[in-house]
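Inspection log for the structure reproduced underneath, given as structure tokens.
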Amino acid sequence: MTSADLAADTAVRADPKTPGRYHIALPNHWDYLLPSGGAVMTCALRAAEAHIADLTLRLASATTIFATPIHPGPLVADVHVIRRGGSTAQVRVVVHHAQATPPQPGLELVATFSRERKGPDVIALTVPDVRSLADSPPAEDNAPNNPHTRFRIYQQLDCRIADGDAFWQPSFAAGPPRYARWFRFKVPQRDAEGRLDRLALPPLIDTMPTALHRAIGPGPYRFYAPSLDLTMYSVDDTTREWLLVSVTLRRARAGLAIADAEVWDDEGRFIAYGTQAMYLQSLSGDPPSVDAAKRNRP
């Protein structure tokens with residue numbers, strides 16, 4: 001089966017009649033139950049990048065608020081420039097379904113694009129203590145409830161488990177509120193200079209519920225965790241294909257959860273950082289009370 005190309009699936013076309021408006025035909029290749037919030041965020045970023053029309057201004061940060069569910073199909077993105085200076089451009093993007101009457105925002109995004117400038121170069125983090133790429137087992141197996149074989153988005157990615165166990169298997173046990181996976185796009189995502197396309201990062205960062213799964217552990221409780229918001233920061237570039245996404249749950253309470261994710265390449269370069277708030281929708285069982293902090297490593 002041919003794998004999907006995120007760049008092609010999130011490509012934008014300028015509306016010849018409405019300045020600042022872009023059209024997108026988002027297929028279902030990047031779905032969980034609905035399209036990944038990260039993939040829809042990439043759509044909005046494509047519109048922002050097209051509108052700025054200056055590839056020397058590169059994505060630095062972006063925050064998305066998810067207002068209503070986005071379905072696959074034709075989408076419209078309206079871009080408004082908040083500020084454009086000599087080294088930075090800040091934009092707002094609203095995405096909605098093309099056929100919605102009246103238009104109802106599916107998401108709103110604010111993003112900053114900037115040029116590199118002279119400044120300090122400080123390394124402040126070490127690579128998480130996880131399994132190496134070579135030692136990480138593949139996430140795919142024959143279990144019927146394995147999300148890596150059930151959901152379309154994972155069909156576009158190679159995936160290995162770097163920290164944690166297969167939470168869909170009977171042997172799964174509760175652990176610390178962390179989970180890490182190695183990801184690689186089956187169709188490489190590159191910019192014009194051959195680097196990893198920064199706009200391809202949101203679907204990988206938008207994978208944070210796994211840390212909550214591990215913290216809760218096995219039992220009758222099942223949940224769905226759509227995004228309320230997603231923020232990401234691009235901090236460096238890489239030409240490597242494999243990326244480590246290491247997720248830490250910070251708190252779940254009263255139907256909400258917050259988590260963050262570090263993104264590293266397989267040479268130990270810190271590439272990006274993301275944070276997320278999730279809306280927890282119970283599917284079965286009673287929500288448990290868990291103190292997973294006690295399982296953290298010293």
Quick check on packing: order 46-56, 195-205 by the mean number of other C-beta atoms within 10 Å, highest mean leading.
195-205, 46-56
Towards the positive end of the charge dipole of the chain, with charges on Cβ (+1 Lys, Arg; -1 Asp, Glu), say which of LEU230, VAL127, ILE82 has the farthest Cα.
ILE82
Give the relative contact order (percent, whole number) for the chain; include only Cα pairs under 8 Å separated by 6+ residues.
17
Distance in Å, no decimals, from the C-alpha centre of the stretch 110-161 to the one of the stretch 191-227 is 8
In what order do LEU26, LEU33 fall by count of nearby beta-carbon atoms within 10 Å, going from fewest to most?
LEU33, LEU26
About its Cα centre, what dipole magnitude does the chain give when the only charges are +1 on Lys and Arg Cβ and -1 on Asp and Glu Cβ, stated in debye to the nearest 20?
520
For the chain, the percent of all C-alpha pairs falling in each 5 Å bin, from 0 up to the bin holding the max distance, is 1, 5, 12, 16, 19, 17, 13, 9, 5, 2, 1, 0
Only residues of the stretch 208-232 count here: report those whose backbone N is under 17 Å from the spot 7 Å along Cα→Cβ of ARG250, or say none.
208-212, 227-232
Rough spin-label spacing in nm, given labels placed 7 Å along Cα→Cβ, for THR2 and ASP191
2.8
Report, in debye and to the nearest 20, how large the dipole of the stretch 172-275 comes out about its Cα centre when Lys and Arg carry +1 and Asp and Glu carry -1 on their Cβ.
580
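Report the full-extension gain for the segment ILE123 to ASP141: residue separation times 0.36 nm, less the Cα-Cα distance, to one decimal in nm.
So the extension gain works out to 2.7 nm.
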At the level of C-alpha centres, the distance separating the stretch 254-298 and the stretch 18-96, in angstrom, is 25
Kindly list the residues of the stretch 277-295 that lie in the label zone of PHE151, defined by a backbone N under 17 Å from the point 7 Å along the Cα-to-C-beta vector.
277-284
Considering every Cα-Cα pair within the stretch 90-169, what fraction, in whole percent, is farther apart than 16 Å?
74
In a Gaussian network model of the chain with springs linking alpha carbons closer than 10 Å, the residue among ASP265, ASP206, ASP191 that fluctuates most is ASP191
Cα gyration tensor of the stretch 147-295, axes a ≥ b ≥ c as square roots of the eigenvalues: rounded (a/c below 1.5), prolate (a/b > b/c) or oblate?
prolate
In percent, what relative contact order does the stretch 115-248 have, based on Cα pairs under 8 Å that are 6 or more apart in sequence?
26
Among THR101, THR231, THR210, whose mean-square fluctuation peaks in a Gaussian network model of the chain (Cα, cutoff 10 Å)?
THR101
How big is D for the stretch 6-114, in µm² s⁻¹ as a whole number, if Stokes-Einstein is applied with the Kirkwood radius of its Cα pairs at 37 °C and 0.692 mPa s?
238
Just going by the charge dipole of the chain, with Lys and Arg at +1 and Asp and Glu at -1 on Cβ, which of LEU196, ALA25, PRO147 is farthest out on the positive end?
ALA25
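Every number here is computed from the coordinates shown, using simple stated rules; none is lab data. Computed from a predicted structure; not experimentally measured. Positions of Cβ are generated from backbone atoms using ideal geometry, with glycine treated the same way; all protein chains shown enter the neighbour counts.
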